[in-house]
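Here's the structure we're looking at; comments come further down.
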Amino acid sequence: MNKAELVTSMAEKANMTKKDAEIALNAFIDTVSEALAKGEKVQLVGFGTFEVRDRKAREGRNPRNPEEVIQIPASKAPVFKAGKGLKETVNK
């Protein structure tokens, strides 16, 4: 499902226009993105948790030249952990 299909589905389920559904979806994405950028965790009970995890610097291999060792810098990675309700829905 892509963003356009998600907007259409949200509009049908919430009995709203596609434009309003897109505004709501964009607001949700922006709000979660801003919270993660601040280092905050976003928990939606029954659905899941969005958070940021620190990744340590490490050594890797150049895929074009496997003998060459490269340094991969430390970074932050956004992650999503599915909640119990979502897991149960998916496993039905």
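Every number in this text was worked out from the coordinates using simple rules, so none of it is lab data. Fair warning: this is a prediction, and the values are worked out from it, not measured in the lab. For neighbour counting, all protein chains shown are included, and Cβ atoms are generated from backbone atoms with ideal geometry for every residue, glycine included.
Return the total of residues in the range 1-33 being of a type in the set (Asp, Glu) and surrounded by fewer than 11 Cβ atoms within 10 Å (Cβ to Cβ).
2
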Seminar exercise, completed: Of the residues in the range 48-63, those that are of a type outside the set (A, V, I, L, M), outside any strand (DSSP E or B) and within 30 Å of residue 34 (Cα to Cα) come to 56
Seminar exercise, completed: Subset of the range 68-92, residues in contact with a Gly (Cβ under 8 Å, 6 or more places away or on another chain) and in a loop (DSSP other than H, G, I, E, B), comes to 83
